[in-house]
Amino acid sequence: MPAFFVVLWSTGFIGAKYGLPYAEPLTFLLIRLGLVAVVLGAVALAMRAPWPRRAADWGHIVLVGLLVHGVYLGGVFTAIAHGLPAGLTALIVGLQPLLTATLVGPLLGERVTRRQWAGLVLGLAGVLLVVQQKIALRAEDAAALCLAAAALVGITLGTLHQKRFCTGMDLRSGTAIQYAATAAALAIAAPLAETMEVRWTGEFLFALAWLSFVLSVGAVFLLFALIRRGAAASVASLFYLVPPCTALTAWLLFDETLGPVALLGMGIAAAGVALVNRR
């Protein structure tokens, strides 16, 4: 299940590469999350999935949705759309395992061992080697850097809040609530910030379908299932494998360069993740 999650999650950057030329980032996310909210809501009702009974549970689920799907996805998509290189975006978001390990003690009471800290640092070094050729920081990237940093904070706090307050939610109804709440927020933000023009090309429809159902359903269900079963720091360490997997996919699909340094980084990142999760 962890390997399957990494492969699916890594295709998000590829889907963005296909879809963003035809729609602005918040508009793209609004269509994507609104579509998934309707489908999952219908599935939950048809399967008579349990819904939260307390207002507090609704609040926790909505907050996780806004952080993971709104702040994280919105930050990543808008940062890339504003010209921040995908490699640098991946590196910033790739700090999540270290940030998670720093916060799990005070927030969840989990203990991160020295071996796990060593694995987290090793994994980050591997990610840096994978993306180092694609990092080209410019002065005009300052705003996009802030968006990527916001995405990092959003995915970190969102997954930690999910672990603490939402592990008992039904994935069908709970995820439908999260997507519906985020789509409602985007319905307010997108018209204020964008033209909301969409070119309904074949590539855009493919990217929309892939990101909606493979990523927003398959990968997110796997993420929440992993959070429910494992320690937060161990689950977060899997994100170190996303940039290497993305680079490998881009090499296969777009003939992007994949030199020996990147290959070495992939091995180091995998070793770091193995060190964090070794029992």
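List of remarks:
- Filtered residue count, segment 189-242, keeping only those that are among the small types (Gly, Ala, Ser), without any contact (Cβ under 8 Å) to a residue 12 or more places away in the chain and part of a helix (DSSP H, G or I): 2
- Checked against (1) under 17 Å from Phe13 (Cβ atoms); (2) modelled with pLDDT of 85 or more, His161 passes all but condition (1).
- Among the residues making up segment 180-230, a single one is among the charged types (D, E, K, R), surrounded by fewer than 15 Cβ atoms within 10 Å (Cβ to Cβ) and within 19 Å of the chain's Cα centre (by Cα): Arg229.
- In segment 95-116, residue nearest to the chain's Cα centre (by Cα) [restricted to those that are more than 12 Å from Lys163 (Cα to Cα) and charged (D, E, K, R)]: Arg111
- Residues of segment 237-268 satisfying the condition of being at pLDDT 80 or above, touching a helix residue (DSSP H, G or I) at 6+ places or on another chain (Cβ under 8 Å) and over 19 Å from Ile14 (Cα atoms): Leu264, Gly267, Ile268
- Going through (1) under 30 Å from Val39 (Cα atoms); (2) surrounded by 15 or more Cβ atoms within 10 Å (Cβ to Cβ); (3) modelled with pLDDT under 90 one by one, Ala233 falls short only on (1).
- Residues that are assigned to a helix (DSSP H, G or I) and of a type in the set (S, T, N, Q), drawn from segment 149-185: Thr156, Thr159, Gln162, Ser173, Thr175, Gln178, Thr182
- Filtered residues of segment 194-218 (kept if within 16 Å of Val36 (Cα to Cα) and among the small types (Gly, Ala, Ser)): Ala207, Ala209, Ser212, Ser216, Gly218
- Which numbered condition Pro52 fails, given (1) modelled with pLDDT under 90; (2) crowded, with 19+ Cβ neighbours inside 10 Å; (3) not in a helix (DSSP H, G or I); (4) not charged (D, E, K, R): (1)
The values are calculated or read from the model by the stated rules, or taken from the named source; none is laboratory data. The structure presented is a predicted model; accordingly, all values stated were derived computationally and were not measured. Every residue, glycine among them, receives a Cβ derived from its backbone with ideal geometry; neighbour counts consider all protein chains shown.
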